[in-house]
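Please read the structure below before turning to the comments.
The values are calculated or read from the model by the stated rules, or taken from the named source; none is laboratory data. None of the values given here were measured: they were computed from a predicted structure. Here Cβ is always computed from backbone atoms with ideal geometry, including for glycine, and neighbour counts include all displayed protein chains.
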Amino acid sequence: MVITIVLRVRAFRTMYGSWSGAASARRLLMPARETEAIILKTFPLGEADRLVSFLGRSSGRLRGVAAGARLLKNRYGSTLEVLSHVQIWYVEKETRDLVRIQQAELLESFHKAQSDYGLSTGLAVISEVSELILPEHEVSEPMFRLILLAAREIERTGDWKLPVSYFAFWTVRLGGWLPRFDRCVACGTPFGSKPAGYDAHQSGLFCEKCRRSGMKLLHLEARNLAERFASERLDRIEFATSIEPGARELRGAGLTWIEHYLERRLMTRELLETT
Ligand SMILES: [Zn+2]
(Lines give C-alpha, C1' and ligand atoms only; values in the text may rest on other atoms or scores of the structure.)
Protein backbone atom coordinates (compact mmCIF):
# COMPACT_ATOMS: atom_id res chain seq x y z
CA MET A 1 0.00 0.00 0.00
CA VAL A 2 2.71 2.47 1.02
CA ILE A 3 4.76 1.51 -2.01
CA THR A 4 1.88 2.23 -4.36
CA ILE A 5 1.46 5.73 -2.96
CA VAL A 6 5.17 6.49 -3.30
CA LEU A 7 5.09 5.36 -6.91
CA ARG A 8 2.09 7.53 -7.63
CA VAL A 9 3.74 10.58 -6.14
CA ARG A 10 6.82 9.93 -8.27
CA ALA A 11 4.75 9.63 -11.40
CA PHE A 12 2.97 12.87 -10.53
CA ARG A 13 6.28 14.64 -9.99
CA THR A 14 7.61 13.42 -13.30
CA MET A 15 4.58 14.59 -15.21
CA TYR A 16 4.34 17.97 -13.59
CA GLY A 17 8.01 18.40 -12.74
CA SER A 18 8.47 21.56 -14.76
CA TRP A 19 5.53 23.20 -13.01
CA SER A 20 6.89 22.82 -9.53
CA GLY A 21 8.11 25.77 -7.50
CA ALA A 22 6.42 28.93 -6.31
CA ALA A 23 7.14 31.06 -9.41
CA SER A 24 5.56 28.52 -11.73
CA ALA A 25 2.56 28.18 -9.48
CA ARG A 26 1.98 31.93 -9.71
CA ARG A 27 2.28 31.81 -13.48
CA LEU A 28 -0.29 29.05 -13.61
CA LEU A 29 -2.72 31.10 -11.59
CA MET A 30 -2.33 34.25 -13.65
CA PRO A 31 -5.23 34.37 -16.10
CA ALA A 32 -4.67 35.00 -19.80
CA ARG A 33 -5.86 38.35 -21.08
CA GLU A 34 -7.56 38.80 -24.39
CA THR A 35 -7.80 41.77 -26.71
CA GLU A 36 -8.50 42.74 -30.27
CA ALA A 37 -5.15 43.92 -31.66
CA ILE A 38 -3.16 45.17 -34.61
CA ILE A 39 0.30 43.69 -35.13
CA LEU A 40 2.74 46.58 -35.48
CA LYS A 41 6.10 44.88 -35.89
CA THR A 42 7.88 41.62 -35.24
CA PHE A 43 11.57 40.83 -34.75
CA PRO A 44 13.33 37.46 -34.72
CA LEU A 45 14.20 36.39 -31.18
CA GLY A 46 16.69 33.57 -30.85
CA GLU A 47 16.32 30.57 -33.12
CA ALA A 48 12.65 29.89 -32.70
CA ASP A 49 10.77 32.85 -31.22
CA ARG A 50 9.50 36.23 -32.30
CA LEU A 51 9.30 39.49 -30.44
CA VAL A 52 5.96 41.07 -31.31
CA SER A 53 4.88 44.67 -30.88
CA PHE A 54 1.10 45.05 -31.04
CA LEU A 55 -1.53 47.67 -30.35
CA GLY A 56 -4.27 46.11 -28.25
CA ARG A 57 -7.63 47.84 -28.40
CA SER A 58 -8.06 47.41 -24.67
CA SER A 59 -4.41 47.16 -23.58
CA GLY A 60 -2.55 49.82 -25.56
CA ARG A 61 0.78 49.06 -27.20
CA LEU A 62 2.52 46.02 -25.76
CA ARG A 63 5.52 43.89 -26.61
CA GLY A 64 5.46 40.16 -26.20
CA VAL A 65 7.17 36.92 -27.05
CA ALA A 66 5.54 34.47 -29.43
CA ALA A 67 7.34 31.24 -28.59
CA GLY A 68 8.06 28.99 -31.54
CA ALA A 69 6.78 31.53 -34.08
CA ARG A 70 9.88 31.15 -36.27
CA LEU A 71 9.52 27.40 -36.58
CA LEU A 72 8.22 26.07 -39.86
CA LYS A 73 5.22 24.52 -38.20
CA ASN A 74 3.87 27.02 -35.71
CA ARG A 75 0.49 27.88 -34.29
CA TYR A 76 0.50 31.52 -35.39
CA GLY A 77 0.21 31.07 -39.17
CA SER A 78 -0.08 34.45 -40.87
CA THR A 79 -1.47 36.23 -37.81
CA LEU A 80 1.83 37.99 -37.04
CA GLU A 81 2.20 39.79 -40.39
CA VAL A 82 2.53 43.60 -40.32
CA LEU A 83 -0.81 45.29 -39.51
CA SER A 84 -2.73 42.01 -39.27
CA HIS A 85 -5.97 42.53 -37.38
CA VAL A 86 -6.18 39.78 -34.78
CA GLN A 87 -7.65 38.57 -31.52
CA ILE A 88 -4.74 37.93 -29.19
CA TRP A 89 -4.39 36.05 -25.89
CA TYR A 90 -1.42 36.81 -23.66
CA VAL A 91 -0.16 36.45 -20.13
CA GLU A 92 1.49 39.28 -18.25
CA LYS A 93 4.59 38.48 -16.28
CA GLU A 94 5.30 40.12 -12.97
CA THR A 95 8.93 40.93 -13.42
CA ARG A 96 9.38 41.67 -17.11
CA ASP A 97 8.10 44.18 -19.62
CA LEU A 98 7.36 41.51 -22.16
CA VAL A 99 4.10 39.60 -22.13
CA ARG A 100 3.87 35.99 -23.23
CA ILE A 101 1.67 35.55 -26.28
CA GLN A 102 -0.34 32.37 -26.08
CA GLN A 103 -2.48 32.48 -29.15
CA ALA A 104 -3.57 34.74 -32.02
CA GLU A 105 -6.48 34.42 -34.40
CA LEU A 106 -6.87 36.36 -37.61
CA LEU A 107 -9.94 38.64 -37.64
CA GLU A 108 -9.15 40.32 -40.92
CA SER A 109 -6.35 39.70 -43.37
CA PHE A 110 -4.50 42.20 -45.52
CA HIS A 111 -2.77 39.51 -47.58
CA LYS A 112 -2.82 41.39 -50.86
CA ALA A 113 -1.14 44.44 -49.36
CA GLN A 114 1.28 42.40 -47.25
CA SER A 115 2.56 40.44 -50.23
CA ASP A 116 2.95 43.34 -52.66
CA TYR A 117 6.19 45.34 -52.41
CA GLY A 118 4.71 48.80 -53.00
CA LEU A 119 1.65 48.28 -50.82
CA SER A 120 3.64 46.64 -48.02
CA THR A 121 5.87 49.71 -47.98
CA GLY A 122 2.74 51.78 -47.29
CA LEU A 123 1.84 49.40 -44.44
CA ALA A 124 5.42 49.66 -43.14
CA VAL A 125 5.22 53.46 -42.88
CA ILE A 126 2.01 53.19 -40.84
CA SER A 127 3.59 50.52 -38.67
CA GLU A 128 6.80 52.49 -38.03
CA VAL A 129 4.97 55.72 -37.17
CA SER A 130 2.51 53.94 -34.84
CA GLU A 131 5.25 52.00 -33.12
CA LEU A 132 7.24 55.19 -32.43
CA ILE A 133 4.35 57.46 -31.51
CA LEU A 134 2.17 55.32 -29.28
CA PRO A 135 3.29 55.07 -25.64
CA GLU A 136 3.26 51.58 -24.12
CA HIS A 137 0.20 50.50 -22.10
CA GLU A 138 -1.84 53.50 -23.22
CA VAL A 139 -5.16 52.74 -24.87
CA SER A 140 -5.80 54.79 -28.01
CA GLU A 141 -9.11 54.07 -29.67
CA PRO A 142 -8.77 56.85 -32.32
CA MET A 143 -5.33 55.60 -33.41
CA PHE A 144 -6.56 52.00 -33.40
CA ARG A 145 -9.40 52.93 -35.74
CA LEU A 146 -7.16 55.12 -37.91
CA ILE A 147 -4.57 52.37 -38.46
CA LEU A 148 -7.27 49.85 -39.27
CA LEU A 149 -9.04 52.18 -41.68
CA ALA A 150 -5.81 53.02 -43.54
CA ALA A 151 -4.76 49.34 -43.80
CA ARG A 152 -8.23 48.36 -45.01
CA GLU A 153 -8.19 51.02 -47.70
CA ILE A 154 -4.71 50.03 -48.92
CA GLU A 155 -5.97 46.46 -49.22
CA ARG A 156 -9.28 47.42 -50.85
CA THR A 157 -8.06 50.00 -53.35
CA GLY A 158 -4.63 48.50 -54.09
CA ASP A 159 -3.11 51.95 -53.61
CA TRP A 160 -1.14 53.29 -50.64
CA LYS A 161 -0.91 56.97 -51.62
CA LEU A 162 -4.20 58.34 -50.35
CA PRO A 163 -4.38 56.09 -47.25
CA VAL A 164 -0.83 57.02 -46.15
CA SER A 165 -1.56 60.73 -46.72
CA TYR A 166 -4.75 60.45 -44.67
CA PHE A 167 -2.96 58.46 -41.96
CA ALA A 168 -0.11 61.01 -41.71
CA PHE A 169 -2.56 63.94 -41.58
CA TRP A 170 -4.71 62.36 -38.87
CA THR A 171 -1.74 61.19 -36.81
CA VAL A 172 -0.53 64.80 -36.68
CA ARG A 173 -4.05 66.02 -35.90
CA LEU A 174 -4.63 63.45 -33.12
CA GLY A 175 -1.20 64.30 -31.73
CA GLY A 176 -2.29 67.93 -31.51
CA TRP A 177 0.56 69.26 -33.67
CA LEU A 178 -1.44 70.32 -36.68
CA PRO A 179 -0.65 73.95 -37.58
CA ARG A 180 -3.17 76.46 -38.92
CA PHE A 181 -3.69 75.94 -42.61
CA ASP A 182 -5.16 79.36 -43.41
CA ARG A 183 -2.59 81.89 -42.15
CA CYS A 184 1.13 82.36 -41.45
CA VAL A 185 2.30 81.14 -38.06
CA ALA A 186 4.83 84.01 -37.81
CA CYS A 187 2.95 87.12 -39.00
CA GLY A 188 -0.68 85.99 -39.28
CA THR A 189 -1.09 86.90 -42.95
CA PRO A 190 -3.77 84.77 -44.62
CA PHE A 191 -2.37 82.56 -47.40
CA GLY A 192 -5.35 83.03 -49.71
CA SER A 193 -4.54 81.09 -52.85
CA LYS A 194 -0.78 81.38 -52.39
CA PRO A 195 1.39 78.45 -51.30
CA ALA A 196 2.51 78.06 -47.70
CA GLY A 197 5.97 76.89 -46.66
CA TYR A 198 7.18 74.38 -44.05
CA ASP A 199 10.32 72.54 -43.04
CA ALA A 200 11.51 69.95 -40.55
CA HIS A 201 13.01 72.44 -38.10
CA GLN A 202 9.86 74.10 -36.82
CA SER A 203 6.17 73.45 -36.76
CA GLY A 204 3.79 75.75 -38.57
CA LEU A 205 3.17 77.08 -42.06
CA PHE A 206 4.82 80.26 -43.31
CA CYS A 207 3.80 82.93 -45.81
CA GLU A 208 5.86 84.16 -48.77
CA LYS A 209 7.50 86.94 -46.71
CA CYS A 210 8.40 84.79 -43.68
CA ARG A 211 9.45 81.73 -45.66
CA ARG A 212 13.08 80.68 -45.48
CA SER A 213 15.04 79.23 -48.32
CA GLY A 214 14.81 75.46 -48.65
CA MET A 215 11.26 75.30 -47.27
CA LYS A 216 8.87 72.95 -49.03
CA LEU A 217 5.54 74.20 -50.31
CA LEU A 218 1.99 73.30 -49.50
CA HIS A 219 -0.24 74.62 -52.28
CA LEU A 220 -3.91 75.53 -52.00
CA GLU A 221 -5.00 72.13 -53.42
CA ALA A 222 -3.15 70.32 -50.62
CA ARG A 223 -4.66 72.61 -47.97
CA ASN A 224 -8.13 72.04 -49.44
CA LEU A 225 -7.55 68.30 -49.31
CA ALA A 226 -6.60 68.66 -45.64
CA GLU A 227 -10.02 70.19 -45.06
CA ARG A 228 -11.67 67.19 -46.72
CA PHE A 229 -9.54 64.81 -44.64
CA ALA A 230 -10.68 66.60 -41.50
CA SER A 231 -14.36 66.15 -42.30
CA GLU A 232 -14.69 63.05 -44.48
CA ARG A 233 -13.86 59.41 -43.86
CA LEU A 234 -11.07 57.95 -45.97
CA ASP A 235 -13.29 55.28 -47.54
CA ARG A 236 -15.66 57.99 -48.83
CA ILE A 237 -12.95 59.98 -50.61
CA GLU A 238 -12.40 58.81 -54.14
CA PHE A 239 -8.82 58.82 -55.33
CA ALA A 240 -8.93 60.77 -58.58
CA THR A 241 -5.67 61.63 -60.35
CA SER A 242 -6.56 65.30 -59.81
CA ILE A 243 -6.01 65.02 -56.06
CA GLU A 244 -2.73 63.13 -56.34
CA PRO A 245 -0.40 66.19 -56.24
CA GLY A 246 -2.22 67.56 -53.19
CA ALA A 247 -2.14 64.15 -51.49
CA ARG A 248 1.61 63.91 -52.12
CA GLU A 249 2.29 67.37 -50.67
CA LEU A 250 0.10 66.72 -47.66
CA ARG A 251 1.75 63.34 -47.03
CA GLY A 252 5.16 65.01 -47.23
CA ALA A 253 4.16 67.70 -44.74
CA GLY A 254 2.49 65.21 -42.37
CA LEU A 255 5.49 62.87 -42.29
CA THR A 256 7.84 65.84 -41.84
CA TRP A 257 5.83 67.06 -38.83
CA ILE A 258 5.86 63.54 -37.39
CA GLU A 259 9.65 63.45 -37.80
CA HIS A 260 9.92 66.89 -36.20
CA TYR A 261 7.90 65.68 -33.21
CA LEU A 262 9.83 62.39 -32.90
CA GLU A 263 13.16 64.16 -33.48
CA ARG A 264 14.24 61.40 -35.80
CA ARG A 265 13.98 60.34 -39.44
CA LEU A 266 11.53 57.62 -40.41
CA MET A 267 13.38 54.67 -41.90
CA THR A 268 10.50 53.62 -44.14
CA ARG A 269 9.93 57.06 -45.67
CA GLU A 270 12.76 56.75 -48.14
CA LEU A 271 11.45 53.39 -49.36
CA LEU A 272 8.06 54.97 -49.94
CA GLU A 273 9.48 57.56 -52.27
CA THR A 274 11.13 54.90 -54.42
CA THR A 275 8.03 52.75 -55.00
ZN1 LIG B 1 4.33 85.50 -42.52
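Some notes on this structure:
- If you filter the range 146-165 down to residues that are on the phi < 0 side of the Ramachandran plot and not in a helix (DSSP H, G or I), you find that the one that is surrounded by the most Cβ atoms within 10 Å (Cβ to Cβ) is W160.
- Elements of type strands (runs of 3 or more DSSP E) in the range 57-129, at least 1 residues being free of Cβ contacts under 8 Å to residues at least 40 places away in the same chain and farther than 28 Å from P163 by Cα: 60-66, 99-108
- Residues that are over 25 Å from L132 (Cα atoms), buried (at least 20 other Cβ atoms within 10 Å of the Cβ) and at pLDDT 95 or above occur at least once in the range 166-184.
- Residue check, L205 more than 16 Å from the ligand (Cβ to nearest atom) and either within 14 Å of the chain's Cα centre (by Cα) or crowded, with 18+ Cβ neighbours inside 10 Å (or both): no
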